[in-house]
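The values are calculated or read from the model by the stated rules, or taken from the named source; none is laboratory data. Not measured: the values here are computed from a predicted model. A quick note on method: Cβ atoms are made from the backbone with ideal geometry, for glycine too, and the neighbour counts reach across all protein chains shown.
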Amino acid sequence: APGGHFLHLYAADLARSPDGQWWVLADRTQAPSGAGYALENRLIVSQIFPDLFRNMHVRHLAQYFATLRDALIHHAPRGDGPPLAVVLTPGPWNETYFEHALLARYLGFRLVEGSDLSVSENKVWLKTIEGRLRVHTIMRRQDDSFCDPLELRVDSTLGVAGLMQCARDGTVLIANPPGAGIAEAGALMGYLPKLCEVLLGETLLLPSIATWWCGEEAAMHDTFSRYQDLVFKAADNTHAFDPIFGNALSPEEFAQLRIKIETHPERYIAQELVHMSQAPVLTTSSSDKFRARGIGLRVHAAMSMGGNYTVMPGGLTRVAGQADSLVISMQRGGSSKDTWVLDDAPPDSRFTLLRSTLTESDLVSGNAGITSRVAENEYWFGRNSERCESIARLLRCALTAILQESEDGTTNPVFAMARSWSLVNGSEPIEHELLAAACLENSPSGLISNLRNLSHVGFQLRDRLSMDHWRAVSQLLQNPPSTQRPTLSQGLAWLDSTIIGMTTLSGFALDSMNRDNGFRFLSIGRRLERLSFLTRAINVAMLEGRDAGLTWLLELCDSVITYRSRYMAQPEWLPVMDLLIRDRANPHAVMFQVLGVRDYLRRIAERLGPCGEELLDPGLQLLQALDVNTEFHPDSVRLLEAINQLHAACELLNDRLTNRFFYHPDICGKWSGAWR
């Protein structure tokens, strides 16, 4: 490890027995959590009770986090630019993701996932849309076994291939380094008093709870004779299981446990049962506002620049969820309290991690620091949102044609369009297939499946969306028809609701998002998806619907009102093609999408270099060279060629953007150096 330091973060779970004695229940050294929740509690409580907080001289937490931040930067290796520190999170699906995001923002570190990082030249790099940045410090918030799929768990998608070799060579500081979790092993607790005397020449200042490792035969038989006073736990994290309380076991259950222990005694420890002290808790009960709950305290320490440790003046007091609960766990319905350490004099309230004076050189543009993963999620958020709206409009158009029993041939091109999207395949009556695609979850290409894809991508962007924006995303999947055989009216009502929700989502994107490169990728995704849908619809209209009316195409492209406001006539090929292809003011026209994508690409290219604008040129030039009077009809070979050329360019541009900004084949496709 850089600087020879292996334990930058440490936490201990403490409990107080009714007689006032404090005990250490467990050590936390792998990736100690809780400091972020302690910070959250402090930020909230100090705002609710500002006078009480100030008058009681409560010591602040900022100095602890400043020590942690400065030490992680100080002990990091150097080279390839200024030191860059990141918080490595398993992602938003992890139950402590909130803490990861809060710590990253408070410390000024970047919040990254494993897919944001790569190893090249035996160094760790952060992939951004502007290129790669050397990572010097990783504050790790995931378990050891998930850190490197090359050397540890091969099925891990959370880690970084090659990270272990970088850690061994000291080219990146990892806090805490993989392997630090060995100090958490409960089997060590029984030996700590003697180890402390031998290694440090001291006695433990705070006693650990009495512990027996069942790997020792004498200790194992001793635990069997007094099992009702003990708690059985895993000896290490490799074979973890929930604590087993001896006083809760029947003779038959203990007999079964004894067989398991005797089969693999090295996997078990037994600890003395400590009845933890309780504290009053404010509840929402209408009768008893205050109730007693068991509490435990998690305290934190961080290594300083000098190699000593600074203890957080406070901690995370965890509260049991039930009055009779013997296990205190946030995952089991528990809660937490802010923990105050009082000082004799008022603390220095001027100290804060937030800088009080910013100069022009400190100003950050909206384009700074967008990782490739975030840019890719923004891009696919745009594509998926447009795809959901397009599918909803297509299904509504098809079901309306069935409901109205259209006789102008409308159903032919509409159903052909549905087949091109794999919404129907002829295995059932067309009405049943369309309703299933609209309302049922088991339709892989249907609306609900695509809404779930959108929701998944939105969840990855949760920390970049406003509360209202995220609420609009999460409400899209509420209240679909619950029956397996929805009626036409139920299906149409659900589609109307979805289209309104998608329109709301588009409004949030246009009105609330900063016009940075993230927004540009989102907008490119939306317009590319709409361009692909428009060109496919026009292709189907020319090949399958030349003998049908064109009202369905206008409805599908949300341009009926615009057409009727301009032309007091039935839809005809020339004005419809002009409106849907050439009109630069119609947001549902081909030309509008092409010019919009080119504009966004030019803006990105100003900072990041060429990124594929020229791929649209052949189709655009073909389209601009067409004579409107002679070519805007369903038999035009040149018009069909131009439309197909633009449709193909959508996927070419998609691949170009992926390789240029998201995938980084120049980094991911090479590895210099062997893993030893």
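None of Leu574, Leu626, Leu640 is among the aliphatic types (A, V, I, L, M), over 26 Å from Asn659 (Cα atoms) and touching a Phe, Trp or Tyr at 6+ places or on another chain (Cβ under 7 Å) except Leu574.
Picking from residues in segment 13-25 that are more than 16 Å from Val327 (Cα to Cα) and not acidic (Asp, Glu), the one that is modelled with the lowest pLDDT is Pro18. Criterion applied to Ala101, Ala71, Ala66 was being among the aliphatic types (A, V, I, L, M), outside the structural domain of Trp470 (by TED's automatic domain parsing) and under 18 Å from the mean Cα position of the chain (by Cα), and the one residue passing it is Ala101. Quickly run through segment 108-125 and pick out the residues that are part of a helix (DSSP H, G or I) and either surrounded by fewer than 21 Cβ atoms within 10 Å (Cβ to Cβ) or of a type in the set (Val, Ile, Thr) (or both). Listed by number, the list holds a single entry, Ser115.
For segment 555-575, a residue qualifies if it is in contact (Cβ under 8 Å) with a residue 24 or more places away in the chain and in contact with a Pro (Cβ under 7 Å, 6 or more places away or on another chain), and exactly one does: Trp573. Take the conditions (1) on the phi < 0 side of the Ramachandran plot; (2) surrounded by fewer than 23 Cβ atoms within 10 Å (Cβ to Cβ); (3) over 17 Å from the mean Cα position of the chain (by Cα); Gly131 misses just one of them, which is (1). Within segment 428-447, residues that are assigned by TED's automatic domain parsing to the domain that holds Glu405 have Cβ atoms under 9 Å from residues that are among the acidic types (Asp, Glu) and modelled with pLDDT of 90 or more in these pairs: Ser443/Glu433, counting only partners at least 6 apart in sequence or on another chain. When segment 224-242 is filtered for residues that are under 14 Å from Val327 (Cα atoms), at pLDDT 90 or above and either exposed (fewer than 12 other Cβ atoms within 10 Å of the Cβ) or in contact with a Leu (Cβ under 9 Å, 6 or more places away or on another chain) (or both), the ones remaining, listed by number, are Leu230, Val231, Phe232. What about Glu217, is it surrounded by fewer than 19 Cβ atoms within 10 Å (Cβ to Cβ), in contact with a Ser or Thr (Cβ under 8 Å, 6 or more places away or on another chain) and not hydrophobic (A, V, I, L, M, F, W, C)? Against the criterion (surrounded by fewer than 19 Cβ atoms within 10 Å (Cβ to Cβ), in contact with a Ser or Thr (Cβ under 8 Å, 6 or more places away or on another chain) and not hydrophobic (A, V, I, L, M, F, W, C)), Glu217 does not qualify.
Listed by first and then second residue, the pairs linking a residue in segment 451-469 that is farther than 16 Å from Glu389 by Cβ to a residue that is at pLDDT 85 or above and surrounded by 20 or more Cβ atoms within 10 Å (Cβ to Cβ), with Cβ atoms under 6 Å apart and 6 or more places separating them unless they lie on different chains, are Gln460/Asn377; Leu461/Asn377. Restricted to segment 408-477, the set of helices (runs of 4 or more DSSP H) holding at least 1 residues that are of a type in the set (Val, Ile, Thr), surrounded by 15 or more Cβ atoms within 10 Å (Cβ to Cβ) and under 23 Å from the mean Cα position of the chain (by Cα) comprises 447-460, 467-474. Restricting segment 15-54 to residues that are assigned to a strand (DSSP E or B) and closer than 27 Å to Gly306 by Cα leaves a set whose member that is farthest from the chain's Cα centre (by Cα) is Val24.
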